[in-house]
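Here the structure comes first, spelled out in structure tokens, and everything after it is commentary.
Nothing in this text is a laboratory measurement; each read-out follows from the coordinates by a stated rule. None of these values were measured; they are calculated from a predicted model. Cβ coordinates were reconstructed from backbone atoms using ideal geometry, including for glycine residues, and neighbour counts include every protein chain displayed.
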Amino acid sequence: MRDFENDGGHMMFGGVRADSIAERYGTPVYVTDENIIRENYKRIYNAFAKHMEARVHYACKANSSLAVLRILEQEGSCIDAVSIGEVMTAMRAGFDASRILYTGTSVGSAELKAVADLGVMINADSLSAIERLAKIRPDAKMSVRINPGVGAGHCDKVNTGAKDTKFGIPADTAADAYGRAVELGLEPIGIHAHIGSGGQGIEPFTDAVSVLTEITNRIKDDHDIDLEFIDMGGGFGVPYRPNEQVTDAEEIAEAVTDIILNETSVRTVAIEPGRYMVCDSTILLTRCTDVKRTEVKNYIGTDAGFNTLIRPAFYGSYHHVAIANKFNKACEGKYDVVGPICETGDFLARDRALPMPEEGDVIAIYNAGAYSFSMSSTYNSRPRCSEVLVCDGKIDVIREPETTEDLWRHQKIPERLLK
Ligand code: LLP
């Protein structure tokens, strides 16, 4: 987990006092440090590129804010998109269609056509998608998502590579699927698998890539198909807890590229990191609105709940918490950090040792760059919050907070109900 500078008891983030950001922009607010995203991109790109030609497809479901996408476009990243909305958002941020790979699952023909019409390559998730794509665009270059039968992830909900998940074409029928694609006129140039998200070990990556290399060789033998790239998906873990160790991307890169280079004639590897790229670039600042002490527990009530950050409530995920304006104060007791949503499951953190809280304190939630704003909602009719970008002490608003009016924007009351 990333540590932040302490300026006389005030947490510093991107060269700015976190509590002053909260003061100036209001809370809750997501605060992203541009330099961290750039560093993360360079680190993971170099880890792979030093072994073989590498393409980083940022999985923009992690954070699809336009400013974040601009930063990664400038760095030279490509995009992993899973919906027409993500494709169009990436293009709006300046990505050329040739830098986007679309890996939708359970998608209809209308969406497949809309994506193909934009010139974006499709990574087919099923035999049906292959057949429908061939009707829409018979000569399309494409790739195929394989279910490698090897999964990993920080919890079952995000393990996408296991045999009993909905994703991809089962490994044992993959060669036939490639054969069928060629028969229909398509031009398969890639193979893809994604084991899951937040896996910490190296074996699931190497096991899945071994499955991909076997299929790559089989389709060369059986159908004379020469693939251009092997896409190993994302899933690179990030430490969320103090002193947590996760497998280094360097180690994964070395092991995976070794397998590809030794066992196939494919010379380009693609990776799809989402979390790795943005997770530690962002903190969520929320204000303590209420301190409650009971016989069984103490609560720090804040203005951010699972509408703003759902990961703790939905996955049981750990996000580190600190009081930004009491950064050097000793911990005094244990608290649950809870939000304003009217459900018992609304919490950001449980049983955390923290300094004595007071209403008005600014609470910083760490590692809020991935699957945080992008999974936020307006539940309980609370408009989504704003986002700011910091860079060497400079701050820019990259998303205005929504207003209550925004909640009603697309609703209509039938005339007869207005009487
Ligand atoms: N590629 C594909 C095809 C994916 O489905 C995903 C994530 C990724 C790449 C990126 O995985 P990453 O590098 O970020 O682990 N909402 C969950 C995570 C869901 C990830 C789904 N797919 C969370 O908050 O932990």
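Annotation: the residues LEU184, LEU285, LEU69, LEU418, sorted from fewest to most other C-beta atoms within 10 Å of their own C-beta, follow the order LEU418, LEU184, LEU69, LEU285. ARG180 label point, 7 Å along Cα→Cβ, cut-off 12 Å on backbone N: hits in segment 125-152? Counting backbone N atoms under 12 Å from the label point, the list is 125-134. Between ARG267 and THR378, the modelled labels are 5.2 nm apart [label points 7 Å from Cα along Cα→Cβ].
For segment 90-96, the Karplus equation 6.51 cos²θ - 1.76 cosθ + 1.60, evaluated at θ = phi - 60°, returns couplings of 4, 5, 4, 7, x, 7, 6 Hz by residue, with Gly and Pro reported as x. Among CYS279, CYS288, CYS331, CYS342, a tally of other beta-carbon atoms within 10 Å of each Cβ gives an order, fewest to most, of CYS342, CYS331, CYS288, CYS279. Does segment 1-99 classify as rounded, prolate or oblate by the C-alpha gyration tensor (a ≥ b ≥ c root eigenvalues; a/c under 1.5 gives rounded; else a/b over b/c gives prolate, otherwise oblate)? Oblate, because a/c is 1.5 or more while a/b does not exceed b/c. Peptides 196-203, 369-376 ordered by packing proxy, namely the average of other Cβ atoms within 10 Å per residue, highest first: 369-376, 196-203. Within the chain, DSSP assigns beta bridges of which about 45% are antiparallel (rounded to the nearest 5). Our coupling estimate for segment 163-178, obtained by passing each phi through the Karplus curve with A = 6.51, B = -1.76, C = 1.60 and θ = phi - 60°, is 4, 8, 9, 6, 8, x, 9, x, 3, 6, 10, 5, 4, 5, 5, 5 Hz, Gly and Pro reported as x.
For LYS334, the aspartates and glutamates whose Cα falls under 12 Å of its own Cα, not counting residues fewer than eight places away in the same chain, are ASP351. Pairs of Cα atoms nearer than 8 Å and 6+ residues apart set the relative contact order; for the chain it is 20 percent.
Fewest-first ordering of ILE398, ILE260 by other beta carbons within 10 Å of each residue's beta carbon gives ILE398, ILE260. Annotation: aspartates and glutamates with alpha-carbon distance below 13 angstrom to LYS326 (same-chain offsets under eight excluded): GLU5, ASP7, ASP19, GLU358, GLU359, ASP361. Within a straight-line Cα-Cα reach of under 30 Å, LYS329 can be paired with the following lysines, leaving aside sequence neighbours fewer than 8 residues apart in one chain: LYS292, LYS297, LYS394. Quick one: grab the alpha carbon gyration tensor of segment 35-171, order the square roots of its eigenvalues as a ≥ b ≥ c, and give me rounded if a/c is under 1.5, else prolate or oblate depending on whether a/b is larger than b/c. It comes out oblate by the Cα gyration axes.
Taking amide H as placed 1.01 Å from N in the peptide plane, the amide H of ALA124 sits under 5 Å from that of SER143, VAL144, ARG145, each at least 5 places away or on another chain. Put simply, the amide H of ILE398, placed in the peptide plane, has neighbours under 5 Å in GLU387, VAL388, LEU389, leaving out anything fewer than 5 places away on its chain. Couplings 3J(HN,Hα) of segment 351-362, computed from phi: 6, 9, 6, 9, x, 3, x, 9, 4, x, 4, 9 Hz, in residue order, whole Hz [Karplus 6.51 cos²θ - 1.76 cosθ + 1.60, θ = phi - 60°; x for Gly and Pro].
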